[in-house]
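The values are calculated or read from the model by the stated rules, or taken from the named source; none is laboratory data. Note that the coordinates shown come from a computational prediction; the quantities given were computed from them, not determined experimentally. Every residue, glycine as well, gets a Cβ built from its backbone with ideal geometry; the counts of neighbours run over all protein chains shown.
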Amino acid sequence: MNQVRFVPISDILIENEYLRLDTKIEELKKSIKAIGLIHPLIINQENELIAGGRRYSALKELGFEQVPVVVVDQDRREQELISIDENLMRLPLKGLLLEKALNRGREIYEALYPEAKKVELTPVVKTKPEPSEASATPEDMMEDKVDGKASFVEVTAQKTGLSEGTIRSAIVREVKSSPRVKEARDHGELGAAQTNEIIKLEEDEQDKILSVVKNLPTKEVKKIVKEVQENGADATIERILSEEAMPKIYADFLTAASKAYRLCGRILKQKPDCPSSRTTEVLENIATGQELLQKLSAFVEEFEEEPQDAAPTSLPSYEEHTPSSALQSPETSPLAEQEASVDAPITA
């Protein structure tokens, strides 16, 4: 392992695009004051900082003139890989930044070690990040031995604690997403789960359907992608645009109803005991739901029979048929919590 030595901080050059110099350094400064610097900076033979951007900024703000460094003597690709590894573990990246760094790391790794297993770049659907306490240092990575069999995904999973599925999904999203899809994600209009479905299409098809899938639930995006695969993007878009738009309140009802039905199924399958003190409350809500659903069914059926300009029967008041236990404020009701979870953005 390379020896640690001290150099003037003013001699260190900042030329690396991966360095995060001003990201959350206040806590790091407190740590350095309390226990000193645990991991030295990493520089190359030209004094360019390869890893340790946050540590560099903290040391500079604290007034250090001499700083500990490890000097690496490796080619530019290996230096870039060290920088990427540093970013992945010192302060974990998220979203598009994570995907870009992982894919670039894969490209370098597979170029440096052509005998290693290649990452399969076909779209995958499910991503479930797995938190881990595993940690390693860039210095450890410099000492890692590649046996010619492990893929970049396997090596990175071992180093970072991320699951192989999470890493592979992130790489595939970066490779397969069109620039416009990435832009939509950057604006918060698409999440990773929706993108996993969209990238099953060619980039030109992704761009064609983008305007009609933004902000849709993953389940709806999946249906549209399947239709595009069967009928083509143009026909699918024409069909969607020709449909009469459903008022949001009905879309919200369908989402909430789907959740309620799944909960009913889970209760009937698991058969948990219902506390005797709450049985009346549960039965009241079931009876109220049955009554309201019958009235709602009759109301909606009228639209199949009446001319479009006919005035439909007024909906029954919810409060008139709701047990007192369900009359909570919007902020505290279970339905409000349910709706909040539906509208929440999806993360990888």
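Summary table
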{"quantity": "Checking ARG106 against (1) part of a loop (DSSP other than H, G, I, E, B); (2) in the same structural domain as VAL153 (by TED's automatic domain parsing), the condition it does not meet", "calculated": "(1)"}
{"quantity": "Close pairs from the range 100-117: first in contact (Cβ under 8 Å) with a residue 40 or more places away in the chain and farther than 14 Å from GLN79 by Cβ, partner assigned to a loop (DSSP other than H, G, I, E, B) and not small (Gly, Ala, Ser), Cβ under 8 Å, at least 6 apart", "calculated": "ALA101/TYR18; ALA101/LEU93; ARG106/VAL119; GLU110/LYS118; GLU110/VAL119"}
{"quantity": "Tally, over the range 209-230, of residues that are part of a helix (DSSP H, G or I) and touching a helix residue (DSSP H, G or I) at 6+ places or on another chain (Cβ under 8 Å)", "calculated": "12"}
{"quantity": "Tally, over the range 191-208, of residues that are under 10 Å from VAL181 (Cβ atoms), assigned to a helix (DSSP H, G or I) and in contact with a helix residue (DSSP H, G or I) (Cβ under 6 Å, 6 or more places away or on another chain)", "calculated": "5"}
{"quantity": "Matching entry among ALA233, ALA170, ALA157 (being aliphatic (A, V, I, L, M), out of contact with any His (no Cβ under 6 Å at 6 or more places or on another chain), in the same structural domain as LEU88 (by TED's automatic domain parsing) and touching a residue at least 24 places away in the same chain (Cβ under 8 Å))", "calculated": "ALA170"}
{"quantity": "Residue that is surrounded by the fewest Cβ atoms within 10 Å (Cβ to Cβ) [pool: residues in the range 173-190 that are acidic (Asp, Glu) and part of a helix (DSSP H, G or I)]", "calculated": "ASP186"}
{"quantity": "Residue within the range 24-44 that is modelled with pLDDT under 80, surrounded by fewer than 19 Cβ atoms within 10 Å (Cβ to Cβ) and farther than 23 Å from ALA157 by Cβ present", "calculated": "yes"}
{"quantity": "For SER242: the one exception among (1) of a type in the set (Gly, Ala, Ser); (2) loosely packed, with under 10 Cβ neighbours inside 10 Å; (3) in the same structural domain as LEU293 (by TED's automatic domain parsing)", "calculated": "(3)"}
{"quantity": "Residue that is farthest from ALA251 (Cα to Cα), among those in the range 183-217 that are without any contact (Cβ under 8 Å) to a residue 24 or more places away in the chain and not charged (D, E, K, R)", "calculated": "HIS187"}
{"quantity": "Candidates ALA193, ALA287, ALA184, filtered to the one that is touching a Leu at 6+ places or on another chain (Cβ under 6 Å), modelled with pLDDT of 90 or more and of a type in the set (A, V, I, L, M, F, W, C)", "calculated": "ALA184"}
{"quantity": "Enumeration of residues in the range 173-195 that are under 25 Å from ASP85 (Cα atoms), out of contact with any Ser or Thr (no Cβ under 7 Å at 6 or more places or on another chain) and among the hydrophobic types (A, V, I, L, M, F, W, C)", "calculated": "VAL175"}
